[in-house]
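Trainee: First, the structure itself, so that you have it in front of you.
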Amino acid sequence: MDRPFPIITMSFTAILLLLLSVDVAFMLLDAASFLAEKAALISDIPTELKITVDGALPEVLGYVKWAIIIVALVWLAIRDLWSVPFRWALVFLMVLIDDSLQEHETIGAMIADSLPLPASLQSQSQDIGEVMVFGAMGLIAILLTATLFTRNGPVARALSIRFMLIIVFLAFFGVALDFLHQSIRLFTEGSFAAQFLPQVFALLEDGGEMVMASIATAFVLTLPGIESMSRRAKAVPG
């Protein structure tokens, strides 16, 4: 019983399915509310239930997931005297701060005002600024974790590869899809597609981030300590 919190005995699959059921419920509710509003069945969409609204219930649950991950990794680092989970805790702390305070939007807007962009790109200066902020965050994450892939042994490497994949997919939904979402919103403005396409991409973007947070939470809550992982690594042939 060497998980971060041994009181949680559910399997990775069980925890993930539980979290995903909540995520999917919010996504379906968001989509159904949007369609109901377009069909004039309701006058307004409850903002506290929308996954695309900052500070709404789905967003707050996302903050809770990142906080659980950070606390679990810090505790694992302290308990096992192991720096690897602590370094990844710092990466996820950066994710939580950005997610809750929208730092990439705030700093991105500041950068956008000073970018010497041609007139054709001025309308996308905010998006370009945000991508630059995400790039800086990625560089910080690399500086914090780069040696974990080469110098800290097979256990640290295996753990870090999984966390890296989570961050990469999170970046795909939070950066690539966000950029595409804003571009589509701009190019479809005034057309019939503007009523639906931006909402679809917003749902994919925020829904994807929710799912990745759930996967990361289930993974960390079922993560064994360094001794168990070392035994498993030694038991693998080759």
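Trainee: Where nothing but the Cβ of Lys and Arg (+1) and of Asp and Glu (-1) is charged, how large is the charge dipole of region 47-87 around its Cα centre, in debye to the nearest 20?
Mentor: 180
Trainee: Can you work out the FRET efficiency for the pair Val24 and Ala146, with r the C-beta to C-beta distance and R0 = 30 Å, to the nearest 0.05?
Mentor: 0.25
Trainee: Further question: When only C-alpha pairs under 8 Å and at least 6 residues apart count, what is the relative contact order of region 15-108, in percent?
Mentor: That works out to 17 percent.
Trainee: Going by a ≥ b ≥ c, the root eigenvalues of the Cα gyration tensor, does region 126-170 fall in the rounded group (a/c under 1.5), the prolate group (a/b larger than b/c) or the oblate group?
Mentor: It is oblate, given that a/c is not under 1.5 and a/b is not larger than b/c.
Trainee: Assign one of three labels to region 166-212, namely rounded, prolate or oblate, based on the Cα gyration tensor with a ≥ b ≥ c the square roots of its eigenvalues; rounded applies when a/c is under 1.5, prolate when it is not and a/b is larger than b/c, and oblate otherwise.
Mentor: oblate
A short reminder: the numbers here are calculations on the coordinates, not readings from a lab. Treat the numbers as computed from the prediction; the structure is a model and nothing was measured. Cβ coordinates were reconstructed from backbone atoms using ideal geometry, including for glycine residues, and neighbour counts include every protein chain displayed.
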